[in-house]
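Structure, as structure tokens:
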Amino acid sequence: MRVVVAGSSGFVGRRLCPALAEAGHDVVAMTRRPDDYAGAGEPVHGDVHDAGSLSEALTGADAAYYLVHSLGEPDFERRDARAARNFARAAADAGLSRIVYLGGLGDDADDLSPHLRSRRQVEGLLGEAGVPVTVLRAGIVIGHGGISWEITRQLVEHLPAMVTPRWVSTRTQPIALADVVRYLVALLDVPPGRVFEAGGPDVLAYGDMLKRVARIEGRFRVIVPVPLLSPKLSSLWLALVTDVDARTGRSLVDSMTNEVVVRDHSLREVVPFEPMGFDAAVVAALRERAGS
């Protein structure tokens, strides 16, 4: 297939493009700055926030991956909704057979955070113009450069003792970046229009993740939960001890109050392989960072 990757230079996109090329696909790397792109695929200009730029990028394509979000912006929900509508219309006009979207885990019956609620909204908006959408929902993706992973790593490495908010007891199901990419490539050959949930074999509270990363790195860390630490104070705390800005941190902290675990295991039947465990994913991320 000729496949467009929107978000080709991002955390997942820059690993997905070479994997698609290796699988034999003709990869089009859509980016706002094609002259600066040095990854796999043919770089083309395209900006999901500029509807007029999308037609040329999508012309002749069979399918597209949508890996874009505006989490660091103050009005990210509105911006992401508008961008999804732009992309949906352009994909329909170009005659694409499918869009594959990487969304977020979370129970629809729960009171989802604005971040996770926006991810759900984008799922629907991408299909609004009639192009079938395949959704892969995932929680924390463990890989060098991922925001949630970087928060985890930097907290462990920067603080010998942590006074942590109540979200340290929330359960999550992290997944290795390599496994997310493997699923995304495989879903291009699955009939479109379904929602799948992806996670690694370990279901862990955030506090347990911090302790296991500390053990892998040979560090001893004391974690003291403080239930009354507010989301605003939590985000300011993250901005102080990590390089994540307070606005992005606030969006992620809000999401950390939602349990994000796999409820539907049908993906394992459609794309059968054994995902990497948490400890192995952490080691892989640390090795990549050391070699970068």
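Annotations for the structure displayed:
- Farthest positive-ward along the chain dipole, Cα basis, beta-carbon charges - from 151, 201, 103: 151
- Nearest 10 degrees, 0 to 90: helix 114-126 Cα axis against the chain principal axis: 10 degrees
- Around the Cα centre of the stretch 31-117, unit charges on the Cβ atoms of Lys, Arg, Asp and Glu (plus for the first two, minus for the last two) sum to a dipole of about 200 debye.
- Interatomic Cα distance distribution for the chain, bins of 10 angstrom, percent: 6, 28, 36, 22, 7, 1
- Cα-centre dipole for the stretch 1-63 with unit charges at Cβ (Lys and Arg positive, Asp and Glu negative), debye to 20: 200 debye
- Magnitude of the charge dipole, the chain, Cβ model with Lys/Arg +1 and Asp/Glu -1, debye to 20: 660 debye
- With the helix formula -39500 (n - 2.57) applied to DSSP H stretches of n ≥ 4, the chain reaches a computed 222 nm mean residue ellipticity of -12000 deg cm²/dmol.
Only the coordinates and a few stated rules stand behind these numbers; no lab work does. Treat the numbers as computed from the prediction; the structure is a model and nothing was measured. Heads up, the Cβs are rebuilt from the backbone with ideal geometry, glycines too, and the neighbour counts pull from every protein chain shown.
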